[in-house]
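Working notes, structure below.
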Amino acid sequence: MIKEMVLDGLPLKYQITFKNNKNTYFYFKKEGYIQINASRYQTHKDIFAFIKKNKDSFIKKYETIQANIIDKDTYYLAGEKYSKETSDLVKYIEIAYLNHIVKDPNISIYQLTILYKIMEKEMLFNKLANLKEKYLNNGLVDINKVTFKTRYMQTRFGSCNPIKKAINVNLHLLKYDEKHLEYVFLHEIAHLVYQDHSKDYYMLLSKLSNNHKQLKKDLNNKFNYR
């Protein structure tokens, strides 16, 4: 039976199943509740004492999942829509590009969130490496020593640290057409020369991307952080 607990004002649904385990395990299920597979040697009081003691970890995992809710039916990649399936036969996420099908392993939502993050980071780094190679000899901005970071961001497409020559790109951009990722890449490398959004900055960006205004407008209209 699924019940509800409250941690620091945050309601969390849970279900406890007692098994012949030596230890107690906690899983975040796709349906949005915590599955607790408890050792038969533990009492409800023991379980809740453990949860309370480790509440920060529970809340962090919950918020991570909420920030990156995984649609069970559809997945978007490079502007294309994919149908999703859950399979007991796969251990990792499998993408059939020709058929536009994504197969998820039948695991907890928290484990699946981690797999998607690992997969998407690898994919995005590869795309950024290709863009770096494409614009390496652009003649306007030296990007030879540029490095990349990526994470899910809620308020910006990317950021640039000119001193460290480091560019951070929003991992959510993988969902959208690659021309939008390219625009963000060019927008950020222009900041290696000009740190503000001055007239000189936009003159440089226009030389790198002559349709950057339209691309930015399109991306702002389409962008959905989930």
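Quick notes on this one:
- Rg and Dmax of region 8-134, both derived from C-alpha coordinates alone, stand at 18.0, 60 Å.
- Exposure proxy order (Cβ contacts within 10 Å, fewest to most) of Thr113, Thr155, Thr17: Thr155, Thr17, Thr113
- Contact order, relative form, for region 53-180: 21 percent (alpha carbon pairs under 8 Å, 6 or more residues apart, mean separation divided by residue count).
- For region 129-226, the average shadow cast by the Cα convex hull is 5.9 nm², which is a quarter of the hull's surface.
- Of every Cα-Cα pair in region 3-67, the percent that sits beyond 13 Å: 63
- Span per principal axis, largest first, for the Cα atoms of the chain (Å): 69, 40, 31
- Where a label projected 7 Å from the Cα of Asp46 along Cα→Cβ would reach, residues of region 6-23 with amide N under 17 Å: 16-23
- Charge dipole of the chain (Cα centre as origin; +1 on each Lys and Arg Cβ, -1 on each Asp and Glu Cβ, all else neutral): 580 debye, rounded to the nearest 20.
- The residue among Met123, Tyr152, Ala96 whose Cα reaches farthest toward the positive pole of the charge dipole of region 81-158, with charges on the beta-carbon of Lys, Arg, Asp and Glu, is Tyr152.
- Förster-model FRET efficiency, 35 Å R0, His197 and Glu94, C-beta, rounded to 0.05: 0.25
- FRET efficiency, Asn106 to Ser206 (Cβ-Cβ, R0 41 Å, nearest 0.05): 0.25
- For region 142-186 versus region 192-226, the gap between their alpha-carbon centres in whole angstrom: 12
- Pairs beyond 23 Å (Cα-Cα), from Lys91/Lys117; Lys127/Lys222; Lys52/Lys121; Lys19/Lys103; Lys53/Lys121: Lys52/Lys121; Lys19/Lys103; Lys53/Lys121
None of the figures in this text is laboratory data; all of them are computed from the coordinates on show. Predicted model only: the values in this text are computed from it and were never measured. Virtual Cβ from ideal backbone geometry, glycine too; neighbours counted across all protein chains shown.
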